[in-house]
Amino acid sequence: MNLQKTCIACDDPFYWDDVIVIVGDELYHKDCVQLYPTGYVAFLDGDCLGITENDEGQDAYEVLEKSEYLEG
Ligand SMILES: [Zn+2]
């Protein structure tokens, strides 16, 4: 059973120290989305994803349960 969360954009799992941006209920690597300061809207390949809840990004281990990220 695979409990690990994956990035919606690149489909890769999150490592413990990856920086994650939350958009709605979805999780992305901060590097996988483009963030704009106007209300902190996230874009992926030009598509607007929505307003981010944490525009600065957060480390994966802060956002995810231990079973949901890779230890590195
Ligand atoms: Zn990604």
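Only the coordinates and a few stated rules stand behind these numbers; no lab work does. No experiment lies behind these values; they were computed from the predicted model shown. Methodologically, a virtual Cβ is constructed for each residue, glycine included, from the backbone with ideal geometry; neighbour enumeration extends over all protein chains shown.
Might you report the magnitude of the Cβ-based charge dipole of the chain about its Cα centre, with Lys and Arg at +1 and Asp and Glu at -1, to the nearest 20 debye?
80 debye
Going by amide H atoms built from the backbone, whose H comes under 5 Å of the H on Ile20, apart from near neighbours?
Residues meeting the criterion, in which the H sits 1.01 Å from N, are Lys30, Gln58, Asp59, Ala60.
How high is the relative contact order of the chain? Use alpha-carbon pairs under 8 Å, at least six apart in sequence, and give a whole percent.
For the chain, the relative contact order is 37 percent.
On each of the three principal axes of the Cα atoms of the chain, give max minus min coordinate, whole Å, ordered largest first.
Here the Cα extents, ordered largest to smallest, are 36, 19, 18 Å.
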